[in-house]
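Participant: Below: one structure in structure tokens.
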Amino acid sequence: MYEGAVQDLIDELGRLPGVGPKSAQRIAFHLLATDASDVRRLVDALTEVKARVQFCETCGNVAESPTCRVCADPRRADDVICVVEEPKDVVVVERTREYRGRYHVLGGAINPLENVGPDDLRISQLLTRLADGTVTEVILATDPNVEGEATATYLSRLIAPMGVTVSRLASGLPVGGDLEYADEVTLGRAFEGRRVVGA
């Protein structure tokens, strides 16, 4: 335990996701040893991102204006929405260069252990977007974990009665992986998601 400002810095860094007490301490001491101009650039970047960045009014993605670049792009397909948990997931999907539709960012996943329920997510905004009948397919791209599966199941039950096709990203074996290292759930999903190969 350190005194005053050093301990305050360690405590604040320790509140960041993925940063444990030892990592927080290492970062704090790195900042103490770093040139003041480098620390000032970090402070300026943090201040600027909080001042300039907001969430898109339409999809919930990060943006520097009321509408993000994806929602503002007229070349994107309006009839498909890919639902993701966080803005960082939009970047991951975009890197594939396979998807040309719109997005909807939920802001998390249903997680009763963390007191996150459906009302804490941007689900009502999604339903509003689907109400006019423009969207014909919703792709559920939530994480393949318990919370992501629960969220996908909940959403599919809400959306299916609206006459919109609901699909889920396939999951299974990673490219370059060995069968012997696959767990039962992953291997089971790979069997479920199998596809016919040309004759």
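FYI, it's all coordinate maths here, none of it is from the lab. Note that the structure is predicted; figures quoted are calculated from it, not measured. Because the Cβ atoms are built from the backbone with ideal geometry, glycine has one as well, and the counts that use them run over all protein chains shown.
Participant: Rounded, prolate or oblate: which fits the range 75-168 when a ≥ b ≥ c are the square roots of the eigenvalues of the alpha-carbon gyration tensor, with rounded for a/c under 1.5 and prolate only if a/b beats b/c?
Facilitator: Note, shape of the range 75-168 comes out oblate.
Participant: Express the relative contact order of the range 75-168 as a whole percentage, based on alpha carbon pairs under 8 Å and six or more residues apart in sequence.
Facilitator: Relative contact order of the range 75-168: 32 percent.
Participant: Related question: Would you mind telling me the antiparallel percentage of the DSSP bridges in the range 75-168, rounded to 5?
Facilitator: Beta bridges within the range 75-168, antiparallel portion: roughly 10 percent.
Participant: OK, next. Among [x] 19.7, 62; [y] 21.1, 71; [z] 19.9, 74, which one is Rg and Dmax of the Cα atoms in Å computed from these coordinates?
Facilitator: Entry [y].
Participant: Here's another thing I want to ask about it. Take every DSSP beta bridge whose two residues both sit in the chain, then give the antiparallel share in percent to the nearest 5.
Facilitator: Counting only bridges with both partners in the chain, antiparallel ones make up about 20 percent.
Participant: With a 10 Å Cβ neighbour count serving as the proxy for reagent exposure, in which order, fewest first, do LEU126, LEU31, LEU42 appear?
Facilitator: LEU42, LEU31, LEU126
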